[in-house]
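Enquirer: Before I ask anything, let me first share the structure, which is written out below as structure tokens.
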Amino acid sequence: WNERIGDGSMLLHGFALAQEEALLAALRGVIAEAPFRRMQTPGGHTMSVATTSCGHLGWMTDRRGYRYVTADPLREQAPWPAMPPLLATLAEQAAAQAGFPAFRPDSCLINRYVPGAKMSLHQDKDEADFSQPIVSVSLGLPAVFQFGGLARSDKAQRYLLTHGDVVVWGGPDRLRFHGVLPIKPGEHPQMGAQRINLTFRVAG
Ligand code: MD3
Ligand code: FE
């Protein structure tokens, strides 16, 4: 079912489950080409989340800062893997359901959380056009998602995101602070002891 969680945001419970097997196969192909790696923040910390990307642009961070690049620094500047059409279509259909029929992502950031991994409160500000939404797909172990306000100190709402949930974040919610609490230990039948989150973006 569809749940409005903000003026510009919709949680589509289980939206990705209809094509679960094809989605996981496409994801495995991307990861085989561009493996997960734990990147350095500009402050010199190693992220607890491991990341990779597909699509024309991939997100990266190192001591020099956060940015989108067309080439994978881990693979001798090879282009990122193409975005599998099945993934792009899933994200576009979710965005359309939430009122963004023109959404055409050029980047998909893939985050892998093992138990204990987390993402601290932050804003997504590295994209060129904040009128474009972000679509997220959650797979594997459940996560407690924190949905804050436009100021870091604003009180955050909490939502449990489970396997197959898709969220469209747009409009007035696009620059809200958000984060993920440490993942609890567990085993997911399809995904094992991990959570994978895909975020589809118009980065360029
Ligand atoms: C709300 N990822 O990669 S996805 C990220 O579960 C990120 O891996 C989290 O935050 C994860 O940047 C959360 C949900 C999400 C993504 C972008 C947003 C929520 C958002 C942008 C604005 C508001
Ligand atoms: Fe984010």
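Enquirer: How big is the gap, in Å, between the Cα center of region 44-106 and the Cα center of region 149-180?
Expert: Here the two parts' Cα centres lie 19 Å apart.
Enquirer: Just from its helices, what would the mean residue ellipticity at 222 nm be for the chain, if runs of 4 or more DSSP H residues each count -39500 (n - 2.57) and the sum is divided by every residue, rounded to the nearest 500 deg cm²/dmol?
Expert: -4000 deg cm²/dmol
Enquirer: Okay, moving on. Between residue 70 and residue 190, 0.36 nm times their residue separation minus their Cα-Cα distance comes to what?
Expert: Answer, rounded to one decimal: 40.1 nm.
Enquirer: Same structure again: For region 118-204, report the convex hull volume of the alpha-carbon atoms normalised per residue, in Å³, without decimals.
Expert: Per-residue hull volume (Cα only) is 90 Å³.
Enquirer: Then there is this: So which aspartates and glutamates can residue 155 reach, going by Cα to Cα under 17 Å and dropping same-chain residues fewer than 8 places off?
Expert: Straight-distance partners of residue 155: 7, 173.
Enquirer: Please work out how much accessible surface residue 104 shows to a 1.4 Å probe, ignoring ligands, DNA and RNA, in Å² rounded to 10.
Expert: 130
Enquirer: Which values, in whole Å and largest first, are the semi-axes of the equivalent ellipsoid of the chain obtained as the square root of 5 times each eigenvalue of the Cα gyration tensor?
Expert: Taking √(5λ) for each Cα gyration eigenvalue gives 22, 20, 19 Å.
Enquirer: Would you mind telling me the share, in percent, of accessible area of the chain contributed by carbon and sulfur at probe 1.4 angstrom?
Expert: 55
The values are calculated or read from the model by the stated rules, or taken from the named source; none is laboratory data. As the structure is a computational prediction, the values presented were derived from the model and not from experiment. The accessibility values were calculated without ligands, DNA or RNA, using every heavy atom of the protein model including side chains. Shrake-Rupley method; radii C 1.70, N 1.55, O 1.52, S 1.80 Å.
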